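The values are calculated or read from the model by the stated rules, or taken from the named source; none is laboratory data. Because the structure is a prediction, the values reported are computed rather than measured. As a convention, Cβ positions derive from the backbone with ideal geometry for all residues, glycine included, and neighbour counts pool all protein chains shown. These accessible areas exclude ligands, DNA and RNA; they are computed on the full protein's heavy atoms, side chains included. Shrake-Rupley method; radii C 1.70, N 1.55, O 1.52, S 1.80 Å.
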Amino acid sequence: MNVSLLQANLEKLGYTVRVFERKEDATDYLSSSISGKTVGFGGSVTLSQMNLYENLEAKNSVFWHLKMKEGQNVMQVRKDASNAQIYITSVNAISLNGEIVNIDNTGNRVAAATFGCDKVYFVIGKNKIAPNLEQAIVRARNVASPLNAKRLGLKTPCALNADKCYDCNSPQRICRNLSVFWKKPTGSEYEVILIKENLGF
């Protein structure tokens with residue numbers, strides 16, 4: 001995919017954009033840019049692969065329900081993350097035109113990314129790029145969601161083979177709401193970190 005074209009389109013939509021060849025470079029950049037802040041993380045394999053929590057925890061108060069401290073509970077950590085000064089998450093897909101697509105279960109990730117934090121970072125590997133919005137939604141439903149369901153060990157039809165969305169009625173269904181950013185929302189800073197590697201689902 002044409003990362004340069006995506007960068008140009010995102011900048012036209014109002015985002016600050018930085019491009020990195022390797023995930024280590026992006027981790028170094030974020031670690032040097034964020035200090036003395038409260039930081040919330042969305043559920044993300046991409047952030048895990050970057051070891052970003054470990055790098056930011058040294059100089060910030062980081063809230064992530066995948067790395068809870070003793071005595072914390074999942075819902076409270078999610079709320080703390082949503083109320084942090086900075087929120088960092090990946091995406092399920094992004095179109096070449098710059099439309100950002102996320103599917104969520106609890107809604108904490110799409111809510112925090114949409115409103116409340118002073119600054120939001122979207123960290124995106126090249127595998128998340130789709131040609132257009134329609135294909136971005138297809139990717140989010142039929143690639144990212146089934147792989148995440150399988151990773152979580154859920155008993156949903158999509159998790160069995162991690163092949164596609166079955167639009168199921170399972171009580172463990174994780175694709176319960178859809179968020180599309182057509183343009184950068186007003187009220188907060190948004191920065192997109194594009195990494196020329198395959199990261200996450």
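Measure out, as a whole number of angstrom, how far apart the alpha-carbon centroids of region 67-122 and region 130-149 sit.
18
Can you compute the helix-only [θ] at 222 nm over the chain? Use -39500 (n - 2.57) per DSSP H run of at least 4 residues, normalise by all residues, nearest 500 deg cm²/dmol. Intermediate values should be presented prior to the final figure.
Working: 9 runs with 67 residues, N = 201.
That calculation yields -8500 deg cm²/dmol at 222 nm.
Sequence gap of 8 or more, or different chains, plus Cα separation below 21 Å: how many lysine pairs satisfy both in region 43-152?
Value for region 43-152: 9.
On average, how much accessible surface per residue is there in the chain, in Å², for a 1.4 Å probe, leaving out ligands, DNA and RNA? Don't skip to the answer; put the middle values down first.
Working: 9590 Å² over 201 residues.
Value for the chain: 48 Å² per residue.
Could you point to the residue in Phe63, Ser33, Phe20 farthest towards the positive end of region 20-90's charge dipole, with +1 and -1 charges on the Cβ of Lys/Arg and Asp/Glu respectively?
Positive-end residue among those listed: Phe63.
Considering only Gln172, Ser188, Leu152, whose Cα is most displaced toward the positive end of the charge dipole of region 151-192, charges sitting on Cβ of Lys, Arg (+1) and Asp, Glu (-1)?
Comparing the listed Cα positions along the dipole, Gln172 ranks first.
Below 8 Å between Cα atoms, with a sequence gap of 6+, how large is the relative contact order for region 82-121 in percent?
Dividing the mean separation by the residue count of region 82-121 yields 58 percent.
Here are a few candidate values for volume of the Cα convex hull per residue in Å³: [x] 119; [y] 109; [z] 148. Which one was actually calculated from the structure I just gave you?
[y]
About the Cα centre of the chain, what is the dipole size in debye to 20, counting +1 per Lys and Arg Cβ and -1 per Asp and Glu Cβ, all else neutral?
Roughly 440 debye, rounded to the nearest 20.
List the aspartates and glutamates whose Cα sits under 18 Å from the Cα of Lys164, skipping any in the same chain fewer than 8 residues away.
The qualifying aspartates and glutamates are Asp104, Glu134.
Within region 71-164, report the trypsin sites (Lys or Arg not before Pro) that DSSP leaves as loop and that have at most 13 other Cβ atoms within 10 Å.
Lys155
Under a plain spin-label model, where a point goes 7 Å from the Cα along Cα-to-Cβ, how far apart in nm are Asp118 and Ala58?
A separation of 2.2 nm, rounded to one decimal place.
Run the accessible area of the chain with a 1.4 Å probe and give the carbon-and-sulfur part as a rounded percent.
That share works out to 48 percent.
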